[in-house]
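Below is one structure; the comments refer to it alone.
The values are calculated or read from the model by the stated rules, or taken from the named source; none is laboratory data. What you are looking at is a predicted structure, and each value in this text was computed from that prediction instead of being measured. Because the Cβ atoms are built from the backbone with ideal geometry, glycine has one as well, and the counts that use them run over all protein chains shown. Surface accessibility is based on the protein's heavy atoms, side chains included, excluding ligands, DNA and RNA. Shrake-Rupley method; radii C 1.70, N 1.55, O 1.52, S 1.80 Å.
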Amino acid sequence: MAETKTVDFWFDPACPWAWMTSRWIIEASKLRDLHIRWNVMSLYVLNEPHLDELPDEYAEMLPGTLPAVRVATAVAEQYDNETLGRLYTALGNQIHLRGVKDPEEFIPAALEKAGLPAELAGAAETEQWDEALKASHHRGIGLVGTDVGTPVVAVENDEGERVGLFGPVVTPAPQGEAAAKLWDGVYAVTTTPGFYELKRTRTKGPDFGNLALD
């Protein structure tokens, strides 16, 4: 019997590419013996040191990503991994499939769908969980460096060391055996000593057409 592999997955709910990748890893886990461990990271924290170097539109968007990551961090700190994953699914359904962009709308709706107390929405506007958020963020970024984004995927190599990569960036999210085959490739390159990068220019945006609302 194959040994269960624990996959650490860092996400910011605002990123459509990370959410697409998360749907892939969930699908892959149905065909490979994977345990997904959800972790929160932040596009705002990642870019904060050089906000003045970013395009104005992107820099102006970043503060609006904080409410969701703060709520997700509050859940990560107070509940279990399965609950955090359930909230992430609910947030992604609201933000990326339903197209709800106002945190005052999508956060309460996601909390309700995830079966969590409505009071958790209050975490969106406070700094109470920011230190925990930054700690989680830096655990992920510490594996891959600061010149990447979200998602970060990490696994243990043959030497027992946790290694990670940014990505994979893929659209649409592969289903069935295609998802499993992509996992096999991601695991192979992530655990190959000295491997750093594969990349090509994106020619289309996120395609959620094969994903159903959960």
- Query: If one takes the longest principal axis of the Cα atoms in the chain, at what angle in degrees, from 0 to 90 and to the nearest 10, does the Cα axis of helix 103-113 lie?
  - Reply: 60 degrees
- Note on the structure: Carbon and sulfur atoms account, in whole percent of the 1.4 Å probe accessible area of the chain, for 50 percent
- Task: Using only Cα atoms, tell me the angle between helix 176-190 and the longest principal axis of the chain; keep it within 0 to 90° and round to the nearest 10.
- Result: 80 degrees
- By its C-alpha gyration tensor, with a ≥ b ≥ c as the square roots of the eigenvalues, how is the stretch 57-132 shaped: rounded for a/c under 1.5, else prolate for a/b larger than b/c, else oblate? oblate
- Query: How many nm separate the modelled label positions at E53 and K30, each set 7 Å beyond the Cα in the direction of the Cβ?
  - Reply: 4.2 nm
- Let me know the shape class of the stretch 1-157, please: from the alpha-carbon gyration tensor, a ≥ b ≥ c as square roots of the eigenvalues, rounded when a/c is under 1.5, otherwise prolate if a/b is greater than b/c, or oblate. oblate
- Query: For the chain, what is the relative contact order in percent, using Cα pairs closer than 8 Å and at least 6 residues apart in sequence?
  - Reply: 29 percent
- Message: Residue by residue through the stretch 162-168, what is 3J(HN,Hα) from phi via Karplus (6.51 cos²θ - 1.76 cosθ + 1.60, θ = phi - 60°)? Round to whole Hz and write x for glycine and proline.
- Response: 7, 10, x, 9, 6, x, x
- Note on the structure: The answer for the chain, accessible area per residue at 1.4 Å probe in Å², is 52 Å²
- Might you report the magnitude of the Cβ-based charge dipole of the chain about its Cα centre, with Lys and Arg at +1 and Asp and Glu at -1, to the nearest 20 debye? 820 debye
- Per its Cα gyration tensor (rounded if a/c is under 1.5, else prolate when a/b beats b/c, else oblate), the stretch 87-214 is best filed as oblate
- Summing -39500 (n - 2.57) over every DSSP H run of at least 4 in the chain, dividing by its residue total and rounding to the nearest 500, the 222 nm mean residue ellipticity is -13000 deg cm²/dmol
- Query: How far is helix 66-78 tilted, in degrees, relative to the longest principal axis of the Cα atoms in the chain, given as a value from 0 to 90 rounded to the nearest 10?
  - Reply: 70 degrees
